[in-house]
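One structure is given below, encoded as structure tokens.
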Amino acid sequence: MTPAAAVAAAGVALAVLSASTAGASTASRSAPAGVSTSAGIPKVTVRPVPLADRNPKLPDIVVVDAGGTITSTAADRISYLHYGPALPDGVRGVLKPLYPELGKVANVSVVRTDITGSSSQTSTENMYDLSRTVDAALALPGIDGVVVNSGTNVLEEDAYYLDLTVRSDKPVVISGSMHQSKTFTTDGATNMFSSIRLAASSKTTCYGTVMLMNDQFFAAREVTKTDGYRMDTFGGGNYGALGVVNEDHVRTMRAPARVMECGRTSWKTPFDLSKKKATDLPPVDIVSGYIGSSPAPIDALVAAGNKGIVTSGHGPGGISTAQSAAEAKAIKKGVLFVSATRTGGEGTYDDGTPGVIGAADLAPQKARILLQLGLTFSDKQERIRKWFTTIGDPEFDMSAFRR
């Protein structure tokens with residue numbers, strides 16, 4: 001079967017993620033747009049483009065191209081700190097040289113988006129669009145999993161956003177590269193090959209979104225970038241990797257707690273973006289705590305209308321006396337705070353303090369995502385607190401295995 005025939009046989013509808021979808025980038029990298037709406041909410045459909053003829057004996061994996069270093073070039077083949085133009089064919093330019101070997105692992109098709117993967121350009125609307133696109137791809141008949149490539153500076157945030165919002169329990173793997181394509185040291189090819197191998201294995205079904213780099217994969221909630229340049233920059237904090245992909249050996253050594261709900265409606269989070277517009281997501285910002293930290297950022301955010309603020313405090317989550325006073329005033333105005341730690345480890349445990357939720361070990365940048373989604377789907381602070389102490393701070397409960 002030819003690639004064109006494979007698309008037709010799949011019955012995939014016309015397209016897509018575009019600039020008309022709630023504020024996406026105006027740089028045109030997607031397929032032609034065709035977005036229908038219901039009550040102002042975009043209905044996103046996608047048409048993946050196959051890279052090769054389909055082998056019916058292999059799983060079908062869609063790669064969602066959200067840009068990043070992996071689709072960039074450098075000033076020359078060794079100057080990976082200096083960026084050149086993007087690959088004209090996006091991630092297809094990384095994947096096509098992987099044949100014929102990749103063709104023995106999965107049937108791979110690609111959906112391009114308008115997202116560049118740049119940390120400075122990525123917006124709430126981009127995250128919304130990306131999640132909706134991943135869900136649309138996973139909903140296609142016969143699709144077994146999705147791999148997403150994006151920028152590594154924001155990869156942990158992309159991963160956690162997808163983990164909280166994607167509705168399908170099929171494998172979702174996100175990856176990227178530290179060095180650009182066409183450099184001597186590029187890591188994009190091996191990261192994409194291993195990510196596709198992992199998704200095709202189905203071993204992370206019900207794991208939610210996992211992030212793979214350097215042949216290790218991590219839980220979206222736990223993974224973090226630890227260095228601006230090193231190839232082994234990503235780690236799982238106190239908990240380490242979930243598993244490894246070494247050639248064709250895919251090993252899952254542990255799992256996120258949500259696998260206990262696999263096959264139940266409770267596996268899905270309440271954050272169904274198909275019921276919201278991107279503009280429904282409110283602004284949520286992070287304020288740092290340090291010696292002599294000023295209350296001005298808190299006062300300014302409250303004056304700007306923020307209903308949620310995350311504090312990234314010292315130790316388990318401490319902020320200055322002046323910040324605490326500003327926080328108390330803001331709470332009286334209905335602002336909800338989340339107390340997170342800047343240490344990268346365990347932080348404030350929630351004790352029910354009115355107006356303040358303890359984030360435990362959830363990183364500030366991820367607490368911001370959960371608070372934003374919480375405020376989008378509820379105006380009740382105690383319900384949002386419950387989401388933080390369950391979805392945001394999951395633990396294994398052996399009673400689940402006795403149901």
Mind checking whether some residue in the range 320-332 is assigned to a loop (DSSP other than H, G, I, E, B), open to solvent by less than 10 Å² (accessible area, probe 1.4 Å), in contact with a helix residue (DSSP H, G or I) (Cβ under 9 Å, 6 or more places away or on another chain) and closer than 25 Å to THR279 by Cα?
-> no
Log entry, pairs with first residue in the range 300-312 being assigned to a helix (DSSP H, G or I), second being open to solvent by less than 40 Å² (accessible area, probe 1.4 Å) and not β-branched (Val, Ile, Thr), beta carbons closer than 6 Å, six or more apart or on different chains, reads VAL302/ALA330
Taking THR69, is it closer than 20 Å to THR165 by Cβ and among the hydroxyl-bearing types (Ser, Thr, Tyr)?
-> no
From VAL111, VAL105, residue being over 25 Å from GLY228 (Cα atoms) and open to solvent by 10 Å² or more (accessible area, probe 1.4 Å) = VAL105
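If you check GLN372 against the conditions, is it in contact with a strand residue (DSSP E or B) (Cβ under 9 Å, 6 or more places away or on another chain) and surrounded by fewer than 19 Cβ atoms within 10 Å (Cβ to Cβ)? Even if it seems obvious, please write down each step before you answer.
Working: in contact with a strand residue (DSSP E or B) (Cβ under 9 Å, 6 or more places away or on another chain): yes; surrounded by fewer than 19 Cβ atoms within 10 Å (Cβ to Cβ): no.
Criteria not met by GLN372.
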In the range 211-226, what residues are open to solvent by less than 10 Å² (accessible area, probe 1.4 Å) and in contact with a helix residue (DSSP H, G or I) (Cβ under 7 Å, 6 or more places away or on another chain)?
-> MET211, LEU212, MET213, PHE217, ALA220, VAL223
Of all residues making up the range 344-369, the number that are within 22 Å of the chain's Cα centre (by Cα) and surrounded by 15 or more Cβ atoms within 10 Å (Cβ to Cβ) | 11
Looking at (1) closer than 21 Å to GLU157 by Cβ; (2) modelled with pLDDT of 95 or more; (3) not in a helix (DSSP H, G or I), can you tell me which one ASP379 breaks?
-> (1)
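Table: residues versus (1) within 23 Å of VAL166 (Cβ to Cβ); (2) touching a helix residue (DSSP H, G or I) at 6+ places or on another chain (Cβ under 7 Å).
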{"residue": "GLY347", "(1), (2)": "no, no"}
{"residue": "ASP350", "(1), (2)": "no, yes"}
{"residue": "ASP361", "(1), (2)": "yes, no"}
{"residue": "GLN372", "(1), (2)": "yes, no"}
{"residue": "GLN381", "(1), (2)": "no, no"}
{"residue": "THR389", "(1), (2)": "yes, no"}
{"residue": "GLY392", "(1), (2)": "yes, yes"}
Failed condition for SER119, given (1) open to solvent by 40 Å² or more (accessible area, probe 1.4 Å); (2) closer than 17 Å to GLY67 by Cβ; (3) hydroxyl-bearing (Ser, Thr, Tyr); (4) at pLDDT 95 or above = (4)
LEU164 passes all but one of the listed conditions (1) hydrophobic (A, V, I, L, M, F, W, C); (2) open to solvent by less than 10 Å² (accessible area, probe 1.4 Å); (3) under 15 Å from ALA106 (Cα atoms); the exception is number (3)
Would you confirm whether any residue within the range 251-273 is farther than 30 Å from ARG197 by Cα, open to solvent by 60 Å² or more (accessible area, probe 1.4 Å), more than 20 Å from the chain's Cα centre (by Cα) and among the polar types (S, T, N, Q)?
-> no
Search the range 375-386 for residues being open to solvent by less than 40 Å² (accessible area, probe 1.4 Å) and farther than 15 Å from PHE337 by Cβ, and hand back the single one that is nearest to the chain's Cα centre (by Cα).
-> THR376
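Quick check on my filter: what residues within the range 134-161 are of a type outside the set (Asp, Glu) and open to solvent by 30 Å² or more (accessible area, probe 1.4 Å)?
Step one: list which residues in the range 134-161 are of a type outside the set (Asp, Glu), which gives 134, 136-143, 145-155, 159-161.
Across the range 134-161, the qualifying residues are ALA139, PRO141, GLY142, ASN153.
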Could you pull out the residue among PHE217, PHE193 that is touching a Ser or Thr at 6+ places or on another chain (Cβ under 8 Å) and either closer than 18 Å to GLY145 by Cβ or hydrophobic (A, V, I, L, M, F, W, C) (or both)?
-> PHE217
Checked pairs for the range 227-249, first part of a strand (DSSP E or B), second open to solvent by 100 Å² or more (accessible area, probe 1.4 Å), C-beta under 6 Å and 6 or more apart or across chains, list as GLY243/ARG251; GLY243/MET253; VAL244/ARG251
Before we move on, is VAL259 free of Cβ contacts under 8 Å to residues at least 40 places away in the same chain, more than 30 Å from ILE298 (Cα to Cα) and either touching a strand residue (DSSP E or B) at 6+ places or on another chain (Cβ under 6 Å) or not in a strand (DSSP E or B) (or both)?
-> no
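The values are calculated or read from the model by the stated rules, or taken from the named source; none is laboratory data. Computed from a predicted model, the values in this text were never measured in an experiment. Because the Cβ atoms are built from the backbone with ideal geometry, glycine has one as well, and the counts that use them run over all protein chains shown. Note: accessible area is taken over every heavy atom of the protein model, side chains too, but ligands, DNA and RNA are not part of it. Shrake-Rupley method; radii C 1.70, N 1.55, O 1.52, S 1.80 Å.
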